[in-house]
Amino acid sequence: MSHDERRSDILQGMLDLVILKTVSAEPLHGYAVAQRIRLITAERFRVPQGSLYPALHRLENRGLLKGEWMPTATGREAKFYRLTAKGRRQLEAEIAGWRDLAATMTLVLGTT
């Protein structure tokens, strides 16, 4: 399995968490979510539109995000997504789970 294939598999498993964390600071439209993810991951994750928009809609349908049409800086309308209270609780639970997994993996990888 290539590095890019592993990266893609990891991204699919973490995409919801990454999106929730990305919009937790401020409402963002889809393109801005993708750009912010690229920026905060130092270009390690690039979320294709074919994955991003279905994930945003799925998170909105689950009540974790709320979408609202608003004008962008260019004056065009775009759907901005913000975290809901339910989404914030889900984000906190997901972060706790990933931190626990990371701590466990650190123990495993530190053994000889």
*Report the residue count in segment 80-112 for those that are among the basic types (Lys, Arg) and either in contact with a helix residue (DSSP H, G or I) (Cβ under 7 Å, 6 or more places away or on another chain) or buried (at least 16 other Cβ atoms within 10 Å of the Cβ) (or both).*
1
*Select from segment 37-68 the residues that are in a strand (DSSP E or B) and more than 12 Å from the chain's Cα centre (by Cα) and write down the one among them that is nearest to GLY87 (Cα to Cα).*
LYS66
*Evaluate the following for LEU56: is it free of Cβ contacts under 8 Å to residues at least 40 places away in the same chain, of a type in the set (A, V, I, L, M, F, W, C), surrounded by 10 or more Cβ atoms within 10 Å (Cβ to Cβ) and under 15 Å from ASP16 (Cα atoms)?*
yes
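Based on what the data block shows, is ARG7 surrounded by 12 or more Cβ atoms within 10 Å (Cβ to Cβ) and either at pLDDT below 95 or assigned to a strand (DSSP E or B) (or both)?
yes
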*asked:* I'm trying to understand the selection: among the residues of segment 73-112, which are closer than 17 Å to GLU26 by Cα, touching a residue at least 40 places away in the same chain (Cβ under 8 Å) and part of a helix (DSSP H, G or I)?
replied: GLY87, ARG88, GLN90, LEU91
*Inside segment 69-100, can you point out the residues that are more than 18 Å from the chain's Cα centre (by Cα) and of a type in the set (A, V, I, L, M, F, W, C)?*
TRP69, MET70, ALA73, ALA78
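The values are calculated or read from the model by the stated rules, or taken from the named source; none is laboratory data. Not measured: the values here are computed from a predicted model. Neighbour counts are summed over all protein chains in view; Cβ atoms, including those assigned to glycine, are modelled from backbone coordinates with ideal geometry.
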